[in-house]
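The values are calculated or read from the model by the stated rules, or taken from the named source; none is laboratory data. Quick caveat: nothing in here was measured; it's all calculated off a predicted structure. Here the Cβ positions follow ideal geometry from the backbone for every residue, glycine too, while neighbour counts run over all protein chains shown. For the accessible areas, the whole protein counts, side chains as well, though only heavy atoms, and no ligand, DNA or RNA atoms are used. Shrake-Rupley method; radii C 1.70, N 1.55, O 1.52, S 1.80 Å.
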Amino acid sequence: RKLVGEGAHIDDLGPASSNPDASPVTAEEEIRRLSPVLDALLTDGVEVSIDSYLPETQVYALSRGVHWLNDIKGFPDPSVYPAIAASNAKLVVMYSIQQGQADRRGAPEGDIVGHICSFFDERLSALTAAGVAPDRIVLDPGMGFFLGSSPQTSFDVLARLGEIKGRFGLPILVGVSRKSFLRAVT
């Protein structure tokens, strides 16, 4: 409520840490954590985003009427696609090198932007084939440890955001707050 009062347009709620060193949290625990806050914010008319890659949490959030889903794995599970397609929620489709492997920290070999674009090609194809309109999708190329352990990889992606935007013609979200790659160079 304070953030909205200070001008925030969307509150993004994450019920678990996405840091690869964090302990995993079950969907049941995510929902338990989200439920009271989500209900209060939705009752207040706040535009809410839920940041979770667990399909059960995503379906729960959609059933409550959230406005956004934000998935650090880019919505890999087609079991949630019918619920997504039936909703009006917008999606933040994020690229991450981890792909579910929390111990993987190195960037993939070759052109990182090429890897990101290939990933988005696959996800966009799957989501649109399931009935999700492209105008509901925002692309997030990932930053920090989502791109690897080298700070330079994040800076390389930032320098080439125009290529990603030009290729897909969709909005791009770049989340850099509290990212280790910034700390490493400052």
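Here are some notes:
- Proportion of all alpha-carbon pairs of the chain beyond 28 Å (%): 24
- Inter-label distance, residue 159 to residue 47: 3.3 nm, where each label sits 7 Å from its Cα along the C-beta direction.
- Nonlocal amide H pairs with residue 50, under 5 Å, H built at 1.01 Å: 13, 68, 69, 70
- The residue among 115, 171, 81 whose Cα reaches farthest toward the positive pole of the charge dipole of the chain, with charges on the beta-carbon of Lys, Arg, Asp and Glu, is 171.
- Between residue 4 and residue 79, the distance separating the two model label sites (each 7 Å from Cα on the Cα→Cβ line) works out to 3.2 nm.
- Estimated distance in nm for a label pair at residue 40 and residue 129, the labels positioned 7 Å out from Cα along Cα-to-Cβ: 4.3
- Charge dipole magnitude, Cβ of K and R +1, D and E -1 - region 1-153, Cα centre, debye nearest 20: 120
- At least 24 Å along the helix axis (C-alpha) and Kyte average at least -0.5, DSSP helices within the chain: 112-129
- Heavy atoms of residue 168: accessible area, 1.4 Å probe, square angstrom to 10: 40
- Solvent-accessible surface of protein heavy atoms, probed at 1.4 angstrom with all chains present, puts 81, 60 in the order 60, 81, largest first.
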